[in-house]
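The structure appears right after this line, and notes come after that.
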Amino acid sequence: MTAMKGPAVFLAQFLGDEAPFDTLENLGKWAAELGYVGVQIPCDPRLIDLSLAAESQSYCDDLREMLDRHGIAVTELSTHLQGQLVAVHPAYDTLFDGFAPAAVHGNPEARQVWAVEQVKLAARASARLGLAAHATFSGALAWPYVYPWPQRPAGLVEEAFAELARRWIPILDVFDDAGVDCAFEIHAGEDVHDGASWERFLAATGNHPRARLLYDPSHFVLQQLDYLDFIDRYHDRISCFHVKDAEFNPTGRSGVYGGYESWVDRAGRFRSLGDGQIDFGAIFSKMAQYGYTGWAVLEWECALKHPEDGAREGAPFIRDHIIRLTEHPFDDFAASGIDRDAIRAILGLAPQRR
């Protein structure tokens, strides 16, 4: 039976200027030496030429062959930063300009056009790389109004999600043409940040078949959502899985909103795998129960531990949690082997006429 794949690692938090974090090949070799068998690649020009990957099969073949020499597969591409820019409330224009090239800074319309094209290129590049899914953010128009004070005017949320869907449907259509799922990470700061907002967005897209989910339980802990119930509710739309730990330790001084504290001092903070409060045994069991066959990808973000230590510990942690699916029921040894007529007799029924 087909099972979850992994362990893999998301490269975004490790990319840097010095070896082994400076090139895709060096990162692939580094990941392999730690025991990973896959990498999730952010669409950063230092790692992938997205325009070329969208058009050139030979470029994509060479990229895959280069990583394959180190025993590494590409799990997904990621456009978290570009996806964020598909929808930006003006309050965040200055801060989010840093996610885009300098040529579009100070020009929200041009920045959005650039971002939309980037995500579409990623859909086509994913297809050429033979990938099943893609990881991204939804962006946000309504996020400044997430707390209902001042009172939101009637229709504000509905119009925000209608506009969000209008921007994403043409992108999702490109993913559909490419045969690739577009998985939105449930994340604070996005309009799609929990189950209720996901349902709003999905409905606004007309239940688009390529609108999918990236499941990361760490964001559920920080919001105090039930991360196991989420799998029960939405497992049929989960296409990507970030394995990331977190903890929530509220006090009389600080809780979910964080009090503007640094990550170290917040009640809710991300931790390296095994250092937080998440029940990964239950999560991996749920994912196996519902037949998730995608990748389990470490996303390292921790307020305390050094990233290289987190990466080193992550591969065996994921590998030990992936469940090898059984091929037959555990009680097959006790099967009686009786035929249908005997079964009918057990039920007090006469043999069925043939």
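The values are calculated or read from the model by the stated rules, or taken from the named source; none is laboratory data. No experiment lies behind these values; they were computed from the predicted model shown. Here the Cβ positions follow ideal geometry from the backbone for every residue, glycine too, while neighbour counts run over all protein chains shown. For the accessible areas, the whole protein counts, side chains as well, though only heavy atoms, and no ligand, DNA or RNA atoms are used. Shrake-Rupley method; radii C 1.70, N 1.55, O 1.52, S 1.80 Å.
Results, tabulated for the structure shown:
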quantity: Filter result for the condition that a residue is more than 24 Å from residue 270 (Cβ to Cβ), touching a residue at least 40 places away in the same chain (Cβ under 8 Å) and either open to solvent by less than 10 Å² (accessible area, probe 1.4 Å) or among the polar types (S, T, N, Q) (or both), over 54, 31, 8; calculated: 54
quantity: Selection within the range 85-101 - closer than 12 Å to residue 144 by Cβ and not in a helix (DSSP H, G or I); calculated: 88, 89
quantity: Test: residue in the range 288-298 that is open to solvent by 30 Å² or more (accessible area, probe 1.4 Å), modelled with pLDDT of 95 or more and of a type in the set (A, V, I, L, M); calculated: no
quantity: Helices (runs of 4 or more DSSP H) enclosed by the range 257-346 - at least 2 residues per element that are over 19 Å from the mean Cα position of the chain (by Cα) and more than 26 Å from residue 18 (Cβ to Cβ); calculated: 340-346
quantity: Qualifying positions in the range 1-22 - closer than 14 Å to residue 296 by Cβ and modelled with pLDDT of 95 or more; calculated: 4, 5, 6, 7, 8, 9, 10
quantity: Residue in the range 136-153 that is outside any strand (DSSP E or B), closer than 29 Å to residue 60 by Cβ and open to solvent by 40 Å² or more (accessible area, probe 1.4 Å) present; calculated: no
quantity: Helices (runs of 4 or more DSSP H) wholly inside the range 162-247 containing at least 3 residues that are open to solvent by less than 20 Å² (accessible area, probe 1.4 Å) and either modelled with pLDDT of 95 or more or closer than 16 Å to residue 283 by Cβ (or both); calculated: 195-204, 217-223
quantity: Lone unmet requirement of (1) open to solvent by 30 Å² or more (accessible area, probe 1.4 Å); (2) closer than 15 Å to residue 163 by Cβ for residue 117; calculated: (2)
quantity: Residue 102 vs. criteria loosely packed, with under 14 Cβ neighbours inside 10 Å and of a type in the set (A, V, I, L, M); calculated: yes
